[in-house]
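Colleague: One structure follows; several queries about it will come next.
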Amino acid sequence: MTEAVTPHATGDTATPHYTGDASPFGGGDPYADYRTPGPGGFPFDHLVDLADRRLGAGVIAANDEFFAERENLLNPGSAVFDPERFGHKGKIMDGWETRRRRGTGTDRPHPEADDHDWALVRLGAPGVVRGLIVDTAHFRGNYPQAVSVEAVALPGSPSPEELLAPDVKWTTLVPRTPIGGHAANGFAVDAEQYFTHLRVTQHPDGGIARLRVYGEVVPDPGWLGALGTFDLAALENGGLVEDASDRFYSPPTNTIRPGRSQKMDDGWETRRRRDTGHDWIRYRLAEQSEIRAVEIDTAYLKGNAAGWAALSVRDGEDGEWVEALPRTRLQPDTNHRFVLADPVAATHVRIDIFPDGGISRLRLFGSLTESGTARLNARHQELGG
């Protein structure tokens, strides 16, 4: 097994760069020898995964998926490995795997230098890409020798044929770069542009378990304006979690994902407090907005829901925190709805829960202010949206 220690750097950020095979699976925990930066992760993986299937992302086409389906690339959660699972085509892998490429004949049995396989990915939330992880978990000797990633922004819902048309200009996010097997291959990206689709290329062939595309959601101001009232905190509308007091059981970003929670760990749950403090999440909205109604959902949190919750808002980075919803009793496994007596303008929102526990979703209904709309329009145009 070969591992490069030189970081792969872009700008001021550096990420570990893995190359070479991993050892064949020898039993036990298949992740025991998985190569990863460790608990600290990559400098960008706290951002939103723009290619999250739960946001509507999809792998819309691939030139080859002989051994394993392209859709596996965006599955939530880590890839699963079952050493005993085989099918009629061979080992069944939890990822996207193409057949082995061959040369043109007896005298040229090897693939040509430019031979490759590709997959087209539609981002669930278009925006600015800050980093990618090409995860080759469990692909120990059958991963691609190198990968490259390109991006483009096209309006509407383009077909694979439209994306691959010769007049479409793609921007390179990751040039052709060697990667390692059974590793989290991370790449920092420095492209201050708005993108809707990616093209992931394997050189010359092989398998990738997962693709993660971290960045900043840039919502379409025209769409939000047409909606009028919408969920200001939602990930797909540009809301994000800035900070939280506790991430012990599940991430606070779950509270602004689409749809209602489907199980307990699909929300946000904190550890049990043994002091007199409380827990909180701080959110940033896409732009200055006017909030008129609030939903606090504790779905599937039955013996561990927060006892009470309060909501505060701030207008601008230097604004003062102002109470929007006083401390209010919450019920387990219940969606609580509140109409604010007076609309409040805000760029940031904080929910405080007492004393601990969790909520599954927070919805903030309202609309962009006139100045918020103007700034969002300007940013969207600046990024090429």
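Colleague: When a/c reaches 1.5 or more, the comparison of a/b and b/c decides; with that in mind, is segment 280-322 rounded, prolate or oblate per its Cα gyration tensor? Kindly include the intermediate steps, with their values, before the conclusion.
Modeller: On the way: a/c = 2.75, a/b = 2.13, b/c = 1.29.
Judged from the Cα gyration tensor, segment 280-322 comes out prolate (a/c at least 1.5, a/b above b/c).
Colleague: Assuming a ≥ b ≥ c are the square roots of the Cα gyration tensor eigenvalues, decide whether segment 186-252 counts as rounded (a/c under 1.5), prolate (otherwise, with a/b larger than b/c) or oblate.
Modeller: Oblate shape, in that a/c is at least 1.5 and b/c is the bigger or equal ratio.
Colleague: Show me the three semi-axes of the equivalent ellipsoid for segment 155-228, from the C-alpha gyration tensor (sqrt of 5 times each eigenvalue), largest first, rounded to whole Å. Show your work: numbers first, answer last.
Modeller: Values: eigenvalues 158, 60, 29 Å².
Ellipsoid semi-axes (Å, largest first): 28, 17, 12.
Colleague: Further question: In a shell of Cβ-Cβ distance under 15 Å around residue 383, excluding residue 383 itself, what net charge do Lys and Arg (+1) and Asp and Glu (-1) give? List each step's numbers first, then the result.
Modeller: Working: positive: 130, 375, 379; negative: 190, 192, 216, 220, 287, 382.
Charge balance near residue 383 sits at -3.
Colleague: Continuing with the same structure: Kindly sort 102, 292 by accessible area of their heavy atoms, largest first, with the probe set to 1.4 Å.
Modeller: Sorted by accessible area, descending: 102, 292.
Colleague: Taking Rh as the Kirkwood radius, which is the inverse of the mean 1/r over Cα pairs, what is the Rg/Rh value for segment 192-306?
Modeller: Numbers: Rg = 17.8 Å, Rh = 17.1 Å.
Rounded to two decimals, Rg over Rh is 1.04.
Colleague: Which whole-percent values make up P(r) of segment 96-197 when all C-alpha to C-alpha distances are grouped in 5 Å steps starting at zero?
Modeller: 2, 10, 18, 20, 19, 16, 9, 4, 1, 0
Colleague: A further question follows. Which residues' amide hydrogens lie under 5 Å from the amide hydrogen of residue 118, considering only partners 5 or more residues apart or on another chain, with H built in the peptide plane?
Modeller: Amide H to amide H, under 5 Å and 5 or more residues apart or across chains, residue 118 pairs with 63, 64, 202.
Colleague: Report the chymotrypsin sites (Phe, Trp or Tyr not before Pro) located in segment 308-365 that are in a DSSP loop and have at most 16 other Cβ atoms inside 10 Å of their Cβ, or state none.
Modeller: Passing both the DSSP loop test and the Cβ count: 321.
Colleague: Leaving out ligands and nucleic acids, note down the accessible area per residue over the chain with a 1.4 angstrom probe, in whole Å².
Modeller: Details: 18270 Å² over 385 residues.
Here the per-residue accessible area is 47 Å².
Colleague: Next question, about the same structure. So if the hydrodynamic radius of segment 223-272 is defined as the Kirkwood radius over C-alpha pairs, what does Stokes-Einstein give as its diffusion coefficient at 25 °C and 0.890 mPa s, in µm² per second? Working shown, then result.
Modeller: On the way: Rh = 12.2 Å.
The diffusion coefficient I find is 202 µm²/s.
Colleague: Quick one: in segment 249-385, what % of C-alpha pairs are over 24 Å apart?
Modeller: On the way: 3048 of 9316 pairs.
In whole percent, the share of Cα-Cα pairs in segment 249-385 beyond 24 Å is 33.
Colleague: While we're here: Assuming 0.36 nm per residue, please report the length gained on full extension of the stretch residue 242 to residue 321 beyond their Cα-Cα distance.
Modeller: Values: separation 79, 0.36 × 79 = 28.44 nm, distance 1.52 nm.
Additional length available on full extension: 26.9 nm.
Colleague: To the nearest 10 square angstrom, how much accessible area does residue 143 have with a 1.4 angstrom probe?
Modeller: Spelled out: residue 143, probe radius 1.4 Å, area about 30 Å².
Colleague: When all alpha-carbon pairs of segment 323-364 are counted, what percent fall beyond 15 Å? Write out the running numbers ahead of the final one.
Modeller: Details: 424 of 861 pairs.
The calculated P(r) of segment 323-364 puts 49 percent of pairs beyond 15 Å.
Colleague: Of all the C-alpha pairs in segment 167-206, what % are more than 16 Å from each other?
Modeller: Of the Cα pairs, 47 percent sit more than 16 Å apart.
Colleague: Top to bottom by accessible area (1.4 Å), largest first, where do 85, 210 land?
Modeller: 85, 210
Colleague: Sort 269, 236 by accessible area with a 1.4 Å probe, largest first. Write out the running numbers ahead of the final one.
Modeller: On the way: 269 30, 236 75 Å².
Of 269, 236, the descending order of accessible area is 236, 269.
Colleague: Another one. ³J(HN,Hα) across segment 276-285 via Karplus (A = 6.51, B = -1.76, C = 1.60, θ = phi - 60°), whole Hz, x for Gly/Pro?
Modeller: 9, x, 8, 10, 7, 10, 10, 10, 10, 7
Colleague: Counting Lys and Arg as +1 and Asp and Glu as -1, what is the net charge of the other residues whose Cβ lies under 13 Å from the Cβ of residue 26?
Modeller: -1
Colleague: List the GluC sites (Glu not before Pro) in segment 26-122 that DSSP assigns to loop (not H, G, I, E or B) and whose Cβ has at most 11 other Cβ atoms within 10 Å. Which are they? Could you put the intermediate results ahead of the total?
Modeller: On the way: sites: 65, 69, 71, 84, 97, 112; in loops: 65, 69, 84, 112.
Here the GluC sites (Glu not before Pro) that fit, given the DSSP loop and packing criteria, are 84, 112.
Colleague: Can you work out the base-10 log of I(q)/I(0) for segment 135-259 at q = 0.11, 0.12, 0.16 1/Å, using the Debye formula on its C-alpha atoms alone?
Modeller: -0.56, -0.66, -1.04
Colleague: If you place +1 on the Cβ of every Lys and Arg, -1 on the Cβ of every Asp and Glu, and leave all else neutral, what size is the dipole of the chain about its Cα centre, to the nearest 20 Debye?
Modeller: Values: 41 positive and 56 negative charges, 178 e Å.
The dipole magnitude comes to about 860 debye.
Colleague: May I pose another question? What length, rounded to one decimal in nm, is gained on full extension from residue 271 through to residue 328, with 0.36 nm per residue of separation minus their alpha-carbon distance? Before the final figure, lay out the partial values.
Modeller: Values: separation 57, 0.36 × 57 = 20.52 nm, distance 2.10 nm.
Extending this stretch completely gives an extra 18.4 nm.
The values are calculated or read from the model by the stated rules, or taken from the named source; none is laboratory data. In this text, all values refer to a predicted model and were calculated from it rather than measured experimentally. Methodologically, a virtual Cβ is constructed for each residue, glycine included, from the backbone with ideal geometry; neighbour enumeration extends over all protein chains shown. In case anyone asks, the SASA skips ligands and DNA or RNA and just uses the protein heavy atoms, side chains included. Shrake-Rupley method; radii C 1.70, N 1.55, O 1.52, S 1.80 Å.
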